[in-house]
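Q: Just dropping this structure here.
The values are calculated or read from the model by the stated rules, or taken from the named source; none is laboratory data. For clarity, every value in this text was computed on a predicted model and none was experimentally measured. Methodologically, a virtual Cβ is constructed for each residue, glycine included, from the backbone with ideal geometry; neighbour enumeration extends over all protein chains shown. The area values use the complete protein model at the heavy-atom level, side chains included, leaving out ligands, DNA and RNA. Shrake-Rupley method; radii C 1.70, N 1.55, O 1.52, S 1.80 Å.
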Amino acid sequence: MNPLLLDFPTEFCTERLLIRMPRPGDGKAVYMAVKSSIDELRPWMPFAQKEQTEQDIETNIREAHANFLKREDLRLLIFLKDTGEFIASSGLHRIDWAVPKFEIGYWIDKRFSGHGYMTEAVQGIADFAFDKLKARRLEIRCDSKNEKSRAIPERLGFRLEGILQNDHVAVSGDELRDTCIYAKIHR
């Protein structure tokens, strides 16, 4: 089936969070979160390697909105349900609709870290992928040195399938990194 013909919700909620596709105008909130968290993001995230303007991020948000509608990449923005504050970005990436399988990626504004929001969001996204998108496989890939990122799939019962050694150049560009591959399978 052509993924463009798939109808599924563009937003959903967990106990404390509203999770939805990016919309034009979201760039300012995302920009402020990136700006406040740049030191925590820089060791792990390629997008944090160069300074971006608010306009750059708004452009990226609009591209993500279009990609969501085209079913090419399903970025999801995470907001506190009670206040509407933007707190994190996640999504379902590297999509193979034939399986279907997805990779969950994520980062959080440091001002909201340590409250279980990202674990809650990833669980909600996994439920969404299995229930609404009929996923058969979900992956989470992260740098083996990123302990905070690794803790999330471990808490949620994803299985560490392996560690790819010297898999990528670290975002710093000065060393090779090992990549952990966690997966959850739905039969």
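Q: Can you order the peptides 155-162, 83-90 by their average number of other Cβ atoms within 10 Å per residue, highest first? The partial results should precede the final answer.
A: Working: 155-162: 13.8, 83-90: 17.8.
The most tightly packed comes first, giving 83-90, 155-162.
Q: Okay, moving on. Once the Cα atoms of the chain are picked out, what are the Rg and Dmax in Å?
A: When restricted to the Cα atoms of the chain, Rg and Dmax are 15.9, 44 Å.
Q: Then there is this: Roughly how many debye, to the nearest 20, is the charge dipole of the chain about its Cα centre, given +1 on each Lys and Arg Cβ, -1 on each Asp and Glu Cβ, and no other charges?
A: Details: 29 positive and 30 negative charges, 104 e Å.
Roughly 500 debye for the chain.
Q: Do the alpha carbons of any pairs in Lys35/Lys110; Lys35/Lys81; Lys35/Lys145 sit beyond 19 Å of each other, and which pairs?
A: Working: Lys35/Lys110 10 Å; Lys35/Lys81 22 Å; Lys35/Lys145 23 Å.
Over 19 Å Cα-Cα: Lys35/Lys81; Lys35/Lys145.
Q: Please state, as a whole number in µm²/s, the translational diffusion coefficient that the Stokes-Einstein equation yields for the stretch 1-105 at 4 °C and 1.567 mPa s, with Rh defined as the Kirkwood radius across alpha carbon pairs. Kindly include the intermediate steps, with their values, before the conclusion.
A: Values: Rh = 14.6 Å.
Rounded to a whole number, D works out at 88 µm²/s.
Q: Of Leu160, Ala135, Ile108, whose Cα points farthest to the positive end of the dipole of the chain (charges on the beta-carbon: +1 Lys, Arg; -1 Asp, Glu; origin at the Cα centre)?
A: Value computed over the given set: Ala135.
Q: Could you point to the residue in Leu4, Ile38, Gly84 farthest towards the positive end of the chain's charge dipole, with +1 and -1 charges on the Cβ of Lys/Arg and Asp/Glu respectively?
A: Leu4
Q: Could you pull out every one of the aspartates and glutamates with an alpha carbon less than 18 Å from that of Lys70, ignoring same-chain neighbours closer than 8 positions?
A: Cα-Cα hits under 18 Å: Asp7, Glu11, Asp96, Glu103.
Q: 5 Å is the cut-off here: which amide hydrogens, built 1.01 Å from N in the peptide plane, fall below it relative to His168, excluding neighbours closer than 5 in sequence?
A: Arg177
Q: Please work out the Cα center distance from the stretch 154-187 to the stretch 14-43, rounded to the nearest Å.
A: 23 Å
Q: Accessible area of the stretch 1-73 with a 1.4 Å probe: how many percent of it is carbon plus sulfur? Could you put the intermediate results ahead of the total?
A: On the way: 2390 of 4470 Å².
In the stretch 1-73, the share of accessible area belonging to carbon and sulfur is 53 percent.
Q: Which number comes out as Rg/Rh for the stretch 45-96 once both Rg and the Kirkwood Rh are worked out on C-alpha atoms?
A: Details: Rg = 12.4 Å, Rh = 12.4 Å.
For the stretch 45-96, the value is 1.00.
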